[in-house]
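Have a look at the structure below, then the notes.
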Amino acid sequence: MSETTRTNPRSIVIDPITRLEGHGKIEIFLDEKGDVEHAYFQVPELRGFEQFTVGRPAEDMPQITSRICGVCPMAHHMASTKALDDLYKVDPPPAAKKLREMIYAAFTVEDHALHFYFLGGPDFVVGPTAPKAERNILGVLGKVGLETGGRVIAMRRELRTLMQQFCGKIIHPVFGLPGGVAKGMTKELQESFAAAAGRAVEFGQFTLQVFDDIVLKNKGYVDLILSDAFTQKTHYMGLVDARNKVNFYDGSIRVVNADGKEFANFKVQSYLDHIAEHVAPWSYIKFPYLKKIGWKGFVDGVDSGVYSVAPLARLNVADGMATPLANEAYQKLMSTLGGRPVHHTLANHWARVIELLYAAERLKELANDPEILSPTFRTLPTATPTVGVGVVEAPRGTLIHHYETDEKGLITKANLIVATQGNSARMAIGIDKAARGLIHGGKVDDGLLNQVEMAFRAYDPCHGCGTHALPGQAPVVVTIRDRTGRVIQEIRR
Amino acid sequence: MRILVLGLGNSLLRDDAVGLVVAEALRDRAGPSVDVIATEESGLSLLDYVVGYDRLLVIDAVKAGSAPGTLHEFDVGDIRWASTANPHATGLPEVLALGSALGSKMPGEVRVLAVEAQEIYEIKEGLTPALAAAAPLAVDRAWEIVQGWIADRQERHP
């Protein structure tokens, strides 16, 4: 839809969300004046996860969960492996922890690169007001140049190849085991990782420069980041290390409120004391909220239990980054956008680039750590299993795996809190707010709809497993309905 | 002329596995005359697989509203970018365009053979009966397409 269309007042659906992983659908209900009454997003329900897992050996879970979602298999593999450590009450040797964190850092670099350039890029690199025909991968290439495009592809390929050499197939990793990893690192492969890590750090610095040149030097983009339509004041959640720095692999879960004050800091094993899930009749996705505050509806502010995860949330809960270049970039983001916490949803793209640089620096530290060559990379589990909970920061936010088993280690109960779910309430608030700000009197145009979608895409939502859901890239549909629920307009992309 | 058959899908999501099942069956039938890859990866990850081939046959599940088991066939140019209800092939035109723009040799002819799925939202292994019945027909049709390409190859390089 390219021109402004006058509709009979009443409902808009954006389904499926362009370039998103998994099937998304936005429904906008208008009132009798043609103004927005409510905007919702929906995802299809992926059924049967619990039934599928019950009775299976817990050791199979790192492979099963990585196959459910082809988008971030390594995040599920790692959260699952850590849940098995906890299930068997076994502490992996230092080399195993470092190897896991190193592989996870490599995965984070390549996944964040994919999102920044190719999935989020059409909004930010090409530009939010660019013609629809240019808001795609080729538009991104036109803006950043073919050389840069080639560099992104080559960087991802190099990291993925190394990960495959060490862990086996990306979708079926043979890597994490309860108490450690499946094999030790060779000197030769370690040198390849170290060389790639050096290039990854340069790539991270270069990407930050691209963001600086294209986004920060363009007042229009910065104004959009700061605009009220894309600002929600919620709580934030993310993993931090002992010094409260961002950590993707391990640590405690820290929550800060909308004023930036620490609200909670807990080990994942007690997540059920802190996180509860709200069910809404219009969506299959469950909306997690802070249990100690309670569900106060789809509203932001310090009194609401709604929280948010993913890059900006992680930066907001941390006192800084653990590596020097990324920390410098962190300080610049915070000073430019008015200090912690930053509530501007579109700043997620900037935070993602800073995290990419952090992951690259961390990869370099670990790849050059002689301890990863240690032959002691597994502690054999001996405890009788009962309950295990594991957490990592997936690219899209805090990811929790929780298993319960019988004494033989067969699953009796399994629960996942996936990253995209952590943002679902805030996304619902953001979409509703963007739609209200942009649609008046039943007037909808393509640019306005793109901005509604941008409120969604900034989170890089992946409904592949968010519902528990589909891998792959799927389209978006917006449906606009009147008060009676009649569809008055449907926009497919 | 190099030919690739690429089966896409997720083996844990019932009929979403049909592309994988058909590709594996074709591997047995075609032998070494063509390359066959069955993968659960999607999106940009597919780029590295298709580089360097002249002709590409993609086999996938689709939800297009017809009877389960119905075969759909189209050229990749018929897919609007990010506009189909297929979770895997959606990114394919973009992947091909990206590869070409970056100077990689991409397949000049890309056919998509899609099988209408019944159930793709349930985590469970195994095709539904309708798709299990349709899979051998899809294998036959895929083999016809590939044989046609092999014949072209022999005409050009007898």
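The values are calculated or read from the model by the stated rules, or taken from the named source; none is laboratory data. Only a predicted model underlies this, so the values are computations on that prediction, with no experimental measurement involved. A quick note on method: Cβ atoms are made from the backbone with ideal geometry, for glycine too, and the neighbour counts reach across all protein chains shown. The area values use the complete protein model at the heavy-atom level, side chains included, leaving out ligands, DNA and RNA. Shrake-Rupley method; radii C 1.70, N 1.55, O 1.52, S 1.80 Å.
If you take every residue apart from A:L141 with its C-beta less than 12 Å away from the C-beta of A:L141, what net charge results, scoring Lys and Arg +1 and Asp and Glu -1?
-1
Please report, for the Cα atoms of region A:232-343, the Rg to one decimal and the Dmax as a whole number; what are they, in angstrom?
For region A:232-343, the Cα radius of gyration and maximum Cα-Cα distance read 14.3, 46 Å.
State the antiparallel share, in %, of DSSP beta bridges confined to region A:233-328, rounding to the nearest 5.
Bridges in region A:233-328 that DSSP calls antiparallel: roughly 85 percent.
Among DSSP beta bridges whose residues both lie in the protein assembly as shown, state the antiparallel percentage, nearest 5.
70 percent
Once you have the Kirkwood Rh of region B:3-156 from its Cα pairs, apply Stokes-Einstein at 20 °C and 1.002 mPa s and quote D in µm²/s.
Roughly 139 µm²/s, to the nearest whole number.
Calculated from DSSP H runs of 4 or more alone, at -39500 (n - 2.57) each and per residue, what is the 222 nm mean residue ellipticity of chain B, nearest 500?
Here the helix-only value at 222 nm equals -11000 deg cm²/dmol.
Quick check: the angle from helix A:424-438's long axis to the longest principal axis of chain A, C-alpha only, nearest 10 degrees?
Computed tilt is about 20 degrees.
A:R47 accessible area, nearest 10 Å², 1.4 Å probe?
The accessible area of A:R47 comes to roughly 90 Å².
Write down the accessible area per residue of chain A in Å², having rolled a 1.4 Å probe over the full set of protein chains.
Numbers: 16300 Å² over 493 residues.
Result: 33 Å² per residue.
Around A:I354, under 15 Å between beta carbons, what's the net of Lys plus Arg minus Asp minus Glu among the other residues?
Once positives and negatives cancel, what remains is -2.
Take every Cα pair under 8 Å in chain B that's 6+ residues apart, average their separations, divide by the length, and report that relative contact order as a whole percent.
33 percent
What angle, in degrees between 0 and 90 and rounded to the nearest 10, separates the Cα long axis of helix A:73-87 from the longest principal axis of the Cα atoms of chain A?
Tilt of helix A:73-87: around 50 degrees.
What are the residues of region B:37-71 that lose 50 Å² or more of accessible area, with a 1.4 Å probe, going from their chain alone to all protein chains?
B:E40, B:E41, B:L44, B:D48
Rounded to the nearest 100 Å², what is the sum over both chains of accessible area buried where A meets B, with a probe of 1.4 Å?
Summed over both sides, the interface buries about 3100 Å².
Compute the convex hull volume of the Cα atoms of the protein assembly as shown, divide it by the residue count, and report the result per residue in Å³ as a whole number.
Each residue corresponds to 150 Å³ of Cα convex hull volume.
Pull up the cross-link candidates among the aspartates and glutamates for A:K292, meaning alpha carbon to alpha carbon under 15 Å and not fewer than 8 places away within one chain.
Of all the aspartates and glutamates, those that pass the test against A:K292 - Cα under 15 Å, at least 8 places apart if same chain - are A:E262, A:D273, A:E277, A:D303.
I'd like the accessible area for B:R111, computed on protein heavy atoms only with a 1.4 Å probe and all protein chains in place. Round to 10 Å², please.
The accessible area of B:R111 comes to roughly 50 Å².
Taking θ = phi - 60°, what integer Hz values does the Karplus form 6.51 cos²θ - 1.76 cosθ + 1.60 yield along region A:177-184, in sequence order, with x for Gly and Pro?
Result, ordered by residue: 10, x, x, x, 10, 6, 8, x Hz.
Checking buried surface per residue: for region A:143-172, which residues lose a minimum of 20 Å² accessible area in the protein assembly relative to the chain alone (1.4 Å probe)?
A:L146, A:I153, A:R156, A:R157, A:R160, A:I171
Is the shape of region A:297-436 rounded, prolate or oblate, going by the alpha carbon gyration tensor and its root eigenvalues a ≥ b ≥ c, with a/c under 1.5 for rounded and a/b larger than b/c for prolate?
Note, shape of region A:297-436 comes out oblate.
Given points 7 Å out from each Cα along the Cα-Cβ axis, report the B:E24 to B:E73 separation in nanometres with one decimal.
For B:E24 paired with B:E73, the spin-label model returns 2.5 nm.
Please report the carbon-and-sulfur percent of the accessible area for region A:232-343; probe 1.4 Å, protein heavy atoms only, DNA, RNA and ligands left out.
C and S atoms contribute 49 percent here.
Relative contact order, percent, of chain A when contacts are C-alpha pairs under 8 Å separated by at least 6 residues?
Details: 1182 pairs, mean separation 165.0, N = 493.
That works out to 33 percent.
Find the percent of Cα-Cα distances in region A:110-263 that exceed 24 Å, and round it to a whole number.
55 percent
List the lysines whose alpha-carbon lies under 24 Å from that of A:K33, not counting same-chain residues fewer than 8 positions away?
List returned: A:K25, A:K433, A:K443.
Given a 1.4 Å probe, how much area per residue of region B:3-156 is accessible, in Å²?
Values: 5470 Å² over 154 residues.
The answer is 35 Å² per residue.
Around B:E116, under 15 Å between beta carbons, what's the net of Lys plus Arg minus Asp minus Glu among the other residues?
-2
Between region A:336-374 and region A:274-320, what is the C-alpha centre distance in whole Å?
Answer, in whole Å: 23.
Along its principal axes, what span do the Cα atoms of region A:355-423 show, with the longest given first and each in whole Å?
For region A:355-423, the Cα extents along the three principal axes come out at 41, 39, 10 Å.
Helix by helix through chain B, keep the DSSP H runs that span 15 Å or more along the axis on Cα and average at least -1.0 on Kyte-Doolittle, and give those back in order.
Answer set is B:18-30, B:129-156.
Please enumerate, by chain and number, the lysines with C-alpha under 17 Å from the C-alpha of A:K89, excluding those fewer than 8 residues away in the same chain.
The reachable lysines, counting only those whose Cα sits under 17 Å from A:K89, are A:K97, A:K267, A:K408.
In the full protein assembly as shown, how much of A:K443 is accessible to a 1.4 Å probe, in Å² to the nearest 10?
A:K443 exposes around 100 Å² with every protein chain in place.
Compute the Cα gyration tensor for region A:71-120, then decide on rounded, prolate or oblate, letting a ≥ b ≥ c be the square roots of its eigenvalues: rounded whenever a/c is under 1.5, prolate when a/b is larger than b/c in the other cases, and oblate in all that remain.
oblate
Could you work out how far helix A:146-167 tilts from the main Cα principal axis of chain A, as a 0 to 90 degree angle to the nearest 10?
Rounded to the nearest ten degrees, it is 40.
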